[in-house]
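The values are calculated or read from the model by the stated rules, or taken from the named source; none is laboratory data. These numbers come from a predicted model, not from an experiment. Counting neighbours? That spans all protein chains shown, and the Cβs are built from the backbone with ideal geometry, glycine included. Note: accessible area is taken over every heavy atom of the protein model, side chains too, but ligands, DNA and RNA are not part of it. Shrake-Rupley method; radii C 1.70, N 1.55, O 1.52, S 1.80 Å.
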Amino acid sequence: MNPFTSIPQHIAIIMDGNGRWAKSRGLPRGEGHRAGAESVREAIDACKELGVKYLTLYAFSSENWNRPQTEVSALMILLEKFLKSRAPDLMRQNVKLDVIGQIDRLPESTRQTLRRVMEQTAENDSLTLVLALSYGSREEITAAARKLAQGVTEGRWKPEDITPELLASHLDTAAMPDPDLLIRTSGEMRVSNFLLWQISYAEMVIVDTFWPDFRQGDLFEAVKEYQKRHRRFGGL
Ligand code: FPP
């Protein structure tokens, strides 16, 4: 990768393929998620090394609630374990934790752990790690539309005051720049209700690697690919 051309400020990742990784090894799906948590560490380290400012990971979608209860619980426990065990590293690496999604749907112990690590890392400012949890983009945009409609009803805005900027300021991601690069693992060509508004101009890189096999080098390769693209934002 060329350090003299642009490094994406914000990378978003659809971490896919944990189940297939496990199946290909004759292991239960939970083992795939466990191995996937290791890849999260790799992605954080790679972003730190490059100077990326935001890393958003699709860790649990609003549709993932439809998975068997045992898998949902295992994922929540894994997430809590990950946060508890990685908190000292996040501090050492100056990484701030943030979340987007319908957090109030998560189990109380998961919310508590998230709150604690977010408070602990609140002043860190080198990389912001954003976990999308119980996240769905349509739900997020609908919630923003509802708040705007409420504002119109209460006379705070007129319908013509509603601009893309005003809508964006009511999304969970209001405080962050849009992703420059969207990576999806395991070869699927879908966006799966992830950051639909925010990825309007993102470069997409799809890699065949299953998420548990994703290493720092894979992220560097994706950034190299990004650097080859000529971003025009609809202009010439
Ligand atoms: C998609 O693979 C992955 C998920 C639904 C969960 C992502 C979770 C992790 C990577 C582990 C822990 C996360 C953190 C932040 C510590 P899939 O199960 O849909 O795979 P498949 O499509 O092959 O079945």
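Observations on the model:
- Whichever residue in the range 30-50 is in contact with a strand residue (DSSP E or B) (Cβ under 8 Å, 6 or more places away or on another chain) and more than 8 Å from the ligand (Cβ to nearest atom) and, among such residues, is nearest to Ile14 (Cα to Cα): Ala43
- In summary, Ala174 fulfils each of the numbered conditions (1) farther than 25 Å from Asp16 by Cβ; (2) hydrophobic (A, V, I, L, M, F, W, C); (3) touching a residue at least 40 places away in the same chain (Cβ under 8 Å) with the single exception of condition (3).
- Scope the range 86-95; condition assigned to a helix (DSSP H, G or I) and open to solvent by 20 Å² or more (accessible area, probe 1.4 Å); matching residues: Arg86, Pro88, Asp89, Met91, Arg92
- Verdict on Leu127 being within 11 Å of the ligand (Cβ to nearest atom) and either over 29 Å from Ser200 (Cα atoms) or in contact with a strand residue (DSSP E or B) (Cβ under 6 Å, 6 or more places away or on another chain) (or both): no
- Selection from the range 99-112 of residues that are surrounded by fewer than 19 Cβ atoms within 10 Å (Cβ to Cβ) and over 16 Å from the mean Cα position of the chain (by Cα): Asp104, Arg105, Pro107, Glu108, Ser109, Arg111, Gln112
- Subset tally (residues that are in contact (Cβ under 8 Å) with a residue 60 or more places away in the chain and open to solvent by less than 50 Å² (accessible area, probe 1.4 Å)) for the range 204-215: 4
- Condition met for Thr142 (hydroxyl-bearing (Ser, Thr, Tyr), assigned to a loop (DSSP other than H, G, I, E, B) and modelled with pLDDT of 95 or more): no
- Residue match in the range 107-122 (condition: away from the ligand (no atom under 13 Å from the Cβ), within 28 Å of Leu166 (Cα to Cα) and outside any helix (DSSP H, G or I)): yes
- Unmet requirement for Ile141, which otherwise passes all of (1) open to solvent by 30 Å² or more (accessible area, probe 1.4 Å); (2) over 18 Å from the mean Cα position of the chain (by Cα): (2)
- Out of Val223, Val152, Val207, sole residue that is of a type in the set (Val, Ile, Thr), more than 30 Å from Gly17 (Cβ to Cβ) and over 15 Å from the mean Cα position of the chain (by Cα): Val152
- Top-ranked residue in the range 11-28 [being closer than 18 Å to Asp208 by Cβ, out of contact with any Gly (no Cβ under 7 Å at 6 or more places or on another chain) and among the hydrophobic types (A, V, I, L, M, F, W, C); ranked as surrounded by the most Cβ atoms within 10 Å (Cβ to Cβ)]: Ile13
- Ala222 vs. criteria of a type in the set (A, V, I, L, M, F, W, C), part of a loop (DSSP other than H, G, I, E, B), closer than 25 Å to Gly51 by Cα and modelled with pLDDT of 95 or more: no
So that you can scan it fast, the table gives a plain yes or no per residue for (1) closer than 12 Å to Leu131 by Cβ; (2) open to solvent by 20 Å² or more (accessible area, probe 1.4 Å); (3) touching a residue at least 24 places away in the same chain (Cβ under 8 Å):
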residue: Gly30; (1), (2), (3): no, yes, yes
residue: Glu38; (1), (2), (3): no, yes, yes
residue: Lys48; (1), (2), (3): no, yes, yes
residue: Thr56; (1), (2), (3): yes, no, yes
residue: Asn66; (1), (2), (3): no, yes, no
residue: Leu79; (1), (2), (3): yes, yes, yes
residue: Lys84; (1), (2), (3): no, yes, yes
residue: Leu97; (1), (2), (3): yes, no, yes
